[in-house]
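Comments concern the structure below.
No lab work stands behind these numbers, since they all come straight from the coordinates. Bear in mind that the values here come from a model prediction, so they are computed numbers and not experimental data. Neighbour counts run over all protein chains shown; Cβ positions are idealised from the backbone, glycine included.
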Amino acid sequence: MVDYILVVDDRSSIRRLLVEVLTYAGYESKQVGSGDECLNYAMSDNKPALILLDNNMPGICGLDVLQLLKKDGSAKSIPVIMVSGENIEEQAKKQGAQSVLMKPFDIYDLIDRVQTVIK
């Protein structure tokens, strides 16, 4: 049973779209607008079951957040799907991302990737 999926993107319109798609697919989600907020959730007692993580954000970028997550003993097991308009797939997978979804993305591709990672 999935508790929730954490959606991390600095753009509120992208967050709303991702949450809407996840809700349509039957998932609970929470949304945050920064890497720091993501780390706070991931290192809390109420960890997400999955993180959808944008790369290009002000402050700490998604790849840096991913690296910090994978170094943390309590957060390293949380699966991460990177969401980016940049070609970061090779680097993201080396750092431990389960998948990379390129923007603009197909909503059914997003649902398929989420279902694959959560199973």
*Amide H to amide H, which residues 5 or more places from ASN56 or on other chains are under 5 Å from it, using H placed in the peptide plane?*
GLY62, GLY85
*Cα Rg over Rh - the chain, Kirkwood*: 0.91
*asked:* Using the crude model of +1 on Lys and Arg Cβ and -1 on Asp and Glu Cβ, and no other charge, please compute the dipole size for the chain relative to its Cα centre, in debye to 20.
replied: 240
*Could you count how many Lys pairs in region 2-119 have their Cα atoms under 21 Å apart, skipping same-chain pairs fewer than 8 positions apart?*
20
*Taking a spot 7 Å from the Cα of SER74 along the direction of its beta carbon, which residues of region 32-50 have an amide N less than 11 Å from it?*
40-47
_Cα→Cβ-extended label distance, 7 Å offset, between ILE111 and ASN87, nm_ = 3.1
*So what are the ³J(HN,Hα) numbers for region 26-34, from phi and the Karplus equation (6.51, -1.76, 1.60; θ = phi - 60°), rounded to whole Hz, Gly and Pro as x?*
x, 9, 7, 8, 10, 10, 9, x, 8
